[in-house]
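Read the figures in this text as sums done on the coordinates, not as results from a lab. Remember, predicted model here, so these are calculated numbers, not experimental data. All Cβ positions, even for glycine, are placed from backbone atoms using ideal geometry, and neighbour counts span all protein chains on display.
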Amino acid sequence: MDPSSTYRRSNRVVNDPTNIPLRCWAEIDLAALERNLISIQANLPDRIKYIAVVKADAYGHGMQQTVARLMQAGVDMFAVANIVEAANIREIGTGWPIIVLGATLENEESFLFEYDLIPTISTIEEVIRLNAKAKAFGKPLKAHLKIDTGMGRLGIWHEYADELFDAFKQAEFIQLDGIYTHFAAADQDPDFTRYQRKIFLESIKRIDWLPLNELLIHADNSAGITTFAPESVYNAVRIGLLQFGIRPYPTSIFAQVETTPIFQFKSRVGIVKNLPNGASISYGRTRILERDSKIAIVCAGYGDGVPLPLSNRGEVLIKGKRCPILGRVTMDQTIVDVTDLEEPAQSGDPVTFIGRQGIAEIELKEFSDWANTISWEVLCSVTKRVPRVYRTAIQTG
């Protein structure tokens, strides 16, 4: 069935979807997103706030549609990478606090007040700058202080955190609203993650004037969540990948939580043709056929988000069966071997790169492994020319 007849497409990508057939698209199941959120929340203690991380166009799922659904489903607040992303959320709805996880540039500062945003502060210089800006606006600015416990990116190095706390205390127009850190290897090194957690808490507990019961304290993301002991100061988690159905790592308390992938990446067969034994395939002649073969030319390539490393390595689903990719993936097309299909492939047949066809499935992680990368890079790499189509509760029940 043509997905344009069953799914609502984003008019950000296609202004008049009724007139343009799809040859490559990503399906996003918003009903599954809401179910995932409910499942995650059910496994959180009541006191823990849910911060939905929706940076990078909601990890490629589409900011407008996913944020609107998350608002309806009951998230407490949002986190994004920069001011532009935060402004986009404010256009969708008001009333939800928004944390900007990246540094705020000097020429962006006024937008913190215009859109009522919470910046991340990592340096004393930022405190001084933003305090002066808040004074000029005549109203206090809520901010989160970030402590670097081993990521080596944003945040003040934990040994110097006292200096930044002092700067906050002296800033008349900056209101400390939260404190957080970022785990560097929560999916790979639980010992180092425990070390980061330890020095983060030590950095906070050294400051005797902090009103901890009034602050948002968060360190854990989808991969890093372990436990929430009653005596813990943590009262929020940042959830990105897990809400989109990307499975957590075994160390997470959510390893057994039922979440469903909400993303599928699909295309169609352009043409099918026969090639003889010995024929070369694609640029560079990296594949020479060793038998008479039937090949399908799929209407998607690296210009759509099919990574080049899938050349001669990846697979797709056609007619519910796995078919190997032959030769180098090209910008707009990918060549696939359909010789062994019981039912012959035809022009227009659906092709699945990520997702299900019948009982067969190619999971995002498998696709990412073929590409020698991580799942969230794959999601962010599906390009703007690929329309997102959205399943709603009506379609999925």
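By the equivalent-ellipsoid construction on the alpha carbon gyration tensor, region 37-142 comes out with semi-axes of 27, 15, 12 Å, ordered largest to smallest. Once the convex hull of all Cα atoms in region 314-358 is built, its volume per residue stands at 79 Å³. Residues Arg388, Arg238, Arg356, arranged from fewest to most other Cβ atoms within 10 angstrom of their Cβ, appear as Arg356, Arg238, Arg388. Under a model in which nothing but the beta-carbon of Lys, Arg (+1) and Asp, Glu (-1) is charged, region 44-244 shows a dipole of about 320 debye around its Cα centre. Taken along the Cα-to-beta-carbon direction at a fixed 7 Å, the label points for Tyr195 and Phe173 span 4.2 nm. Placing +1 on the Cβ of every Lys and Arg and -1 on the Cβ of every Asp and Glu, with nothing else charged, gives the chain a dipole about its Cα centre of roughly 1000 debye.
Build a GNM of the chain with springs between Cα atoms under 10 Å apart, and of Lys273, Lys133, Lys321 the one that fluctuates most is Lys273. Dividing the Cα radius of gyration of region 44-244 by 2.2 N^0.38 Å, with N the residue count, gives 0.98. A simple packing score, the average count of other Cβ atoms within 10 Å per residue, orders the peptides 304-314, 26-36 as 26-36, 304-314, with the highest score first.
From the Kirkwood radius over Cα pairs of the chain, Stokes-Einstein at 25 °C and 0.890 mPa s returns a whole-number translational diffusion coefficient of 106 µm²/s.
Per residue, the chain reaches -7500 deg cm²/dmol at 222 nm when only DSSP H runs of four or more residues are counted, each adding -39500 (n - 2.57). Note on the chain: GNM, Cα springs under 10 Å; of Leu145, Leu216, Leu341, the largest mean-square fluctuation is that of Leu341. Filter the cross-link list Lys55/Lys198; Lys133/Lys198; Lys49/Lys169; Lys142/Lys365; Lys49/Lys139 down to pairs whose alpha-carbon distance in this structure exceeds 31 Å. The pairs that break the limit, which is 31 Å between Cα atoms, are Lys133/Lys198; Lys142/Lys365. Using the Cβ-Cβ distance between Val84 and Lys135 with R0 = 22 Å, the FRET efficiency computed as 1/(1 + (r/R0)^6) comes to roughly 0.30.
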